[in-house]
1. Name every residue in the range 47-75 that is in contact (Cβ under 8 Å) with a residue 60 or more places away in the chain, over 15 Å from the mean Cα position of the chain (by Cα) and under 16 Å from I198 (Cβ atoms), in order of residue number.
2. Here are some conditions: (1) modelled with pLDDT of 95 or more; (2) touching a strand residue (DSSP E or B) at 6+ places or on another chain (Cβ under 8 Å). K156 meets all but one. Which one does it not meet?
3. Condition check: surrounded by fewer than 17 Cβ atoms within 10 Å (Cβ to Cβ), in contact (Cβ under 8 Å) with a residue 12 or more places away in the chain and touching a Lys or Arg at 6+ places or on another chain (Cβ under 8 Å). Does E126 satisfy that?
4. In the range 63-78, which residue that is within 13 Å of the ligand (Cβ to nearest atom) and more than 14 Å from T19 (Cα to Cα) is surrounded by the most Cβ atoms within 10 Å (Cβ to Cβ)?
5. Quick check on the range 83-140: of everything there that is of a type in the set (S, T, N, Q) and touching a Leu at 6+ places or on another chain (Cβ under 9 Å), which residue is nearest to Y188 (Cα to Cα)?
6. Any residue at all in the range 73-83 that's closer than 19 Å to G238 by Cα and not aromatic (F, W, Y)?
7. Do you know which of the residues in the range 34-62 that are more than 29 Å from Q230 (Cβ to Cβ) and near the ligand (Cβ under 7 Å from one of its atoms) is surrounded by the most Cβ atoms within 10 Å (Cβ to Cβ)?
8. Restricting attention to the range 26-33, does a residue exist that is within 6 Å of the ligand (Cβ to nearest atom), within 26 Å of W227 (Cβ to Cβ), in contact with a strand residue (DSSP E or B) (Cβ under 9 Å, 6 or more places away or on another chain) and of a type in the set (D, E, K, R)?
Amino acid sequence: MADKYYDYLIVGSGLFGATFAYKAHQAGKRCLVIDKRPHLGGNIYCEEVEGINVHKYGAHIFHTSNKTVWQFVNSIVAFNRYTNSPVANYQGKLYNLPFNMNTFYQMWGVCTPDEAQRIIDQQRHEALAHMDGEPQNLEEQALSLVGRDIYERLIKGYTEKQWGRPCTELPAFIIKRLPVRMVFDNNYFNDDYQGIPIGGYNKLIDGLLEGIETRTGVDFFKERSYWEAQARQIVFTG
Ligand SMILES: Cc1cc2nc3c(=O)[nH]c(=O)nc-3n(C[C@H](O)[C@H](O)[C@H](O)COP(=O)(O)OP(=O)(O)OC[C@H]3O[C@@H](n4cnc5c(N)ncnc54)[C@H](O)[C@@H]3O)c2cc1C
């Protein structure tokens, strides 16, 4: 049998596949990256719409506490200094997420963790008093963990939209805990480094895959034996 041409066939051109290919290529390995989507980049792929980089598969913020990882991605493309601090709009009023002292100030006008904790505990106990034993559904679970105000304003609508049904029809185990931050900190992530590539994620992927053969619109499983014959090793990342 003829020698296989590639050292690695990398299935999937997302962040994992592209990084693997970059490192293998640097180590002198012959790589081919394939992806079944019509573009490279996997979930971080961006589309330019009227001059705006739109994250086609949902917003992505790169975050890590690993300095080596951060330096690595910044060696490929410059990142901006973006801090993810989402805001929820409930009936026209804005609340910071994840729930923290800023949220509790917006909700109840309280300024100290003790005041916030007292209100949460009071609402939790009220909810538990109306329950017959353990929480029977997601609504009861959330009420028992954080009380009515946080549940109704910041959990209920979002959860029902995501799952497509009422919280009373969802099982309690979906939510195990609801972290409550008793500090004034709107930063969604706890990592030391976070940001978005300046010019979009495609620049990161293009930089990683520079000089590496790629093919898009190709599903590995549709011609598996053909692809397996091309490379000594298959790296599946899908
Ligand atoms: C909406 C959303 C938001 C997210 N936000 C964040 C965030 O803010 N921060 C964060 O750190 N992470 C976030 N993530 C997770 C993030 O997407 C991943 O950590 C990362 O992008 C995954 O990279 P990956 O290479 O492992 O997979 P992917 O990006 O999924 O790439 C896998 C690729 O494999 C391809 N593939 C699969 N099967 C085949 C096949 N049979 N043949 C050929 N190709 C195939 C797919 O088409 C895909 O392009 C988010 C995820 C989603 C869905």
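1. Within the range 47-75, E48, N53, W70, V73 meet the criteria.
2. The single condition K156 does not satisfy is (2).
3. yes
4. Quick first cut of the range 63-78, residues within 13 Å of the ligand (Cβ to nearest atom) only: 63-66, 69-70, 73.
Filter once more, so that each one left must be more than 14 Å from T19 (Cα to Cα): 63-66.
Working: H63: 19, T64: 16, S65: 12, N66: 11.
The qualifying residue surrounded by the most Cβ atoms within 10 Å (Cβ to Cβ) is H63.
5. The residue in question is S85.
6. no
7. F62
8. No, the range 26-33 has no match at all.
The values are calculated or read from the model by the stated rules, or taken from the named source; none is laboratory data. All values derive from a computational prediction rather than experimental measurement. No Cβ is skipped: glycine too gets one built from the backbone with ideal geometry, and neighbour counts run over all protein chains shown.
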